Structure formats: C-alpha cells, structure tokens
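The values are calculated or read from the model by the stated rules, or taken from the named source; none is laboratory data. Quick caveat: nothing in here was measured; it's all calculated off a predicted structure. Here Cβ is always computed from backbone atoms with ideal geometry, including for glycine, and neighbour counts include all displayed protein chains.
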Amino acid sequence: MSSPTPKPAPCQGCRNGDQTDFRLAMAFQPIVDVQTGQPFAYEALVRGPEGQSAASVLSQVTEANRYAFDQACRVAAIECAVKAGLLDGPAKLSINFLPNAVYSPLACIQLTLKTAAATGLPTDRLIFEFTENEQMADPAHVANIVENYRRMGFGTALDDFGAGHAGLNLLAKFRTDLIKLDMELIRDLDQSLPRRTIVAAVVKMCAELGVTVIAEGIETAGELDALRAMGVRYIQGYLLAKPQFMELPAFELPAPEARAATA
C-alpha cells in the first residue's frame, strides 16, 4: 500500500457537493492479462440502481451535481467491487473520473481514500481513467491531477485513445501509466492493414515511452489474435465478458488460433 497522503482542508466544491440527487450502482468488466489468463483489473461502469443503462444515469449529470456524481461513482465503485469479491484476488479496480469535477487533487481524493481504507482496498490497486473525448477546459489542470495521482501511488489511464483528435498530444502532455485503445481501432483489426499498421505503431511508441497498452472492445478471436501478434498484453471486450451488474464476471480466454491476417 502506498504511503499515507496528507489531508488538506476540503475545497469549496468538496463542501458543497457531497451528495447526488439520484441513485447509482456499478457493473464490472474484466481487463485480462493474455500472458497469465488472469484478470489484471476490473473496470467499474456506472449503472442505475436497478441496472439501468449508463446513459440513463449520465443524462442526469449537470454542472451543479458534477462533483457529487464523480465522488459518488468512486465510492460506489470501491464498495461494490469489494462486496463482489475484488479482494479475493490481486486484480486492480479501474474507475472512470471526470477531470473537470476535480477542484484540487489532494482535497478531492479524501473520500476515495476514506472509502478504500474502510473496505480494506489497498490504494495501489486503484486506477483512474479519463477519456480524451471529455472537454478539456484546462489541460494544465488535468496534467496536474494525473501527476498528483501518480505520486499518490494510483495508476492512471487515458481511455478511448485514438477516438478523438488529440490523442498523441494528450499523451505527450499527461504521460499516463496506461492507454486504452479505442474500439474503433480494434474493430476488424485482423482484416485491415491500415488498422494493424496504426495499432502496431502505437504499441511500439508506448513501449518506448514506458506506457502500458490496453485494447478494449474486442469482439472476435481474429481481433484477439492480431493483438497477441503485436504483443498487446491486456485486453477487454465482449469476446471475454460483457459487463455484469454488481458482480465480477467470469470469463474464458480463447486460445490462439492459426490464421493469417488479411487485407
């Protein structure tokens, strides 16, 4: 477990945004290590209290409750994952967060630390991921959050890498521990030379930068085999398991198949 983090006084946003006016819960999807066949992490995905879609929850998020929503998601992710059995193994927990809802990295992390301590979850098993598609009102502020989270011992991840227009630029600015390749780059990877060329270049670049690559949205054995051939170690997608409401889903990693990439 990482060393204790100083506890600064809560900021104005922390004092005023401690509760949401709607309920939420979590589903979980595994991120699998293809070398060991074991879960590397589980991503927490927001759902309604009875399993309603993420869209039904996100549609209720406003500027006024954004901070409270971000905090509630962190608490729910940790509590639900531990209740579902996360501590029975070494897998990490990946939590999506909203950079624009973080007023101060040190102040706004206190509830997360309190929840982790209360549930017995070591904080070095937490990964915080954000998407490049989220509007970056202040990129320097986001970079400060990422740097502070890394100093506190959390993992950091840039989600949906390659989906927007600023992926490489954001990676140069933020240098997260992990990137998650967007599913549009993965789709029909084994059948598309342009996609394979792009993904292979990103994998090589990340290896040189010391950034770990996770491929998400894998739906076919062909896509998985193409990623294996490129040396991508961590994968996520419906081929392995769909998100499961309030549970850590079981999965089976398909064995490599002998097939040649085409196109």
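Tabulated results
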| item | result |
| --- | --- |
| Condition check for Ser94: within 24 Å of Glu216 (Cα to Cα), part of a helix (DSSP H, G or I) and not aliphatic (A, V, I, L, M) | no |
| Residue list for region 221-252, filter: touching a residue at least 40 places away in the same chain (Cβ under 8 Å), part of a loop (DSSP other than H, G, I, E, B) and under 14 Å from Gln29 (Cβ atoms) | Gly237, Leu240, Ala241, Lys242, Pro243, Met246, Glu247, Leu248, Pro249, Phe251 |
| Pick from region 73-99, criterion touching a residue at least 60 places away in the same chain (Cβ under 8 Å) and within 15 Å of the chain's Cα centre (by Cα), ranking: farthest from Leu158 (Cα to Cα) | Ala81 |
| Boolean, Lys114 is surrounded by fewer than 17 Cβ atoms within 10 Å (Cβ to Cβ), charged (D, E, K, R) and at negative phi | yes |
| Test: residue in region 203-211 that is surrounded by fewer than 22 Cβ atoms within 10 Å (Cβ to Cβ), touching a residue at least 40 places away in the same chain (Cβ under 8 Å) and within 14 Å of Glu129 (Cα to Cα) | yes |
| Among residues of region 117-152, those that are surrounded by fewer than 18 Cβ atoms within 10 Å (Cβ to Cβ) and at pLDDT 95 or above, counted | 6 |
| Candidate set from region 155-200 (those that are in contact (Cβ under 8 Å) with a residue 60 or more places away in the chain and within 17 Å of Ile31 (Cβ to Cβ)); member that is surrounded by the fewest Cβ atoms within 10 Å (Cβ to Cβ) | Gly155 |
| Selection count, region 171-190, where residues are within 20 Å of Val34 (Cβ to Cβ) and more than 18 Å from the chain's Cα centre (by Cα) | 4 |
| Checklist (1) over 26 Å from Val213 (Cβ atoms); (2) in contact with a strand residue (DSSP E or B) (Cβ under 8 Å, 6 or more places away or on another chain) applied to Gly120, failing item | (2) |
| For Val213: the one exception among (1) within 16 Å of the chain's Cα centre (by Cα); (2) modelled with pLDDT of 95 or more; (3) over 19 Å from Gln236 (Cβ atoms); (4) β-branched (Val, Ile, Thr) | (3) |
